[in-house]
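Q: Quick one: structure below, then a few questions.
Any read-out appearing in this document is the output of simple, stated calculations on the displayed coordinates, not a laboratory observation. Computed from a prediction, not measured in an experiment: that's the story for all the values here. Methodologically, a virtual Cβ is constructed for each residue, glycine included, from the backbone with ideal geometry; neighbour enumeration extends over all protein chains shown.
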């Protein structure tokens, strides 16, 4: 699961570099993360606060922080461990910056905060988490400052974790032409064109029908070899694979054209 979390983390961070929120104003409380409890709760050591100290915080004290606007599954629930791991990948052992809202503490005594990775207030961990498929947003009236942003980012389609896609059998792909979907099946044959294109056929070998084709244009083959090894396709016959992309028809045969190696999964 570690590689899947890192894959998701890369999508989340890259997306936020392009869609960072404006500071309101920049967060003034600096803290060091000492423990990641779950997907929406951490413990921090307060390092500095503005004067007068907000919410009674003092440098040198340790407090438990609950992310505002984040509803992550409990550790014992489905995806709970994954949410905790993702949160840890973002903040574990790091210096973070806290912004408070109208209500400072929840009924359990946890500090309610927006947590940032930078002192300027652009990269908010709370919003990063709710853009994923495993964490949802919550909209509390006592902490309303960014509720509109949480609603927006919660509605943005989440990057899909490898291995988490719901795939359709290759034989049903013909019924989903024009859709973006994951298609799975057993590799029946693999071919290459004189230009270096790779054709991976599921179901029945080329030129028999019915079949489904995963098409990798020659200009992208190097990416897949870097991911799966040189001449990776030569050992695919008999293996189960899945491909994610738009299903198209080529001469009556449904296919997905791939340019991104993360959209191809090869079972061991």
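Q: For the chain, find the longest principal axis of its Cα atoms and tell me its angle to the long axis of helix 218-228, 0 to 90°, nearest 10.
A: Value to nearest ten degrees: 60.
Q: What's the angle, to the nearest 10 degrees (0 to 90), between helix 2-18's Cα axis and the longest principal axis of the chain?
A: Result, in degrees: 70.
Q: Could you work out how far helix 80-91 tilts from the main Cα principal axis of the chain, as a 0 to 90 degree angle to the nearest 10?
A: 70 degrees
Q: Show that you can apply the helix-only estimate: for the chain, add -39,500 (n - 2.57) for every DSSP H stretch of four or more residues, divide by all residues, and state [θ] at 222 nm to the nearest 500.
A: Numbers: 5 runs with 55 residues, N = 268.
Result for the chain, helices only: -6000 deg cm²/dmol.
Q: Distance from a point 7 Å along Cα→Cβ of residue 34 to each backbone N in the stretch 69-108: keep the residues under 17 Å and list them by number.
A: Inside the label zone: 92-98.
Q: Taking springs between alpha-carbon atoms closer than 10 angstrom, which of 134, 253, 200 fluctuates most in the Gaussian network model of the chain?
A: So, out of 134, 253, 200, the one fluctuating most is 253.
Q: In nm, what is the difference between 0.36 nm times the number of residues separating residue 246 and residue 195 and their Cα-Cα distance? Present the calculation step by step, with values, prior to reporting the outcome.
A: Details: separation 51, 0.36 × 51 = 18.36 nm, distance 2.31 nm.
So the extension gain works out to 16.1 nm.
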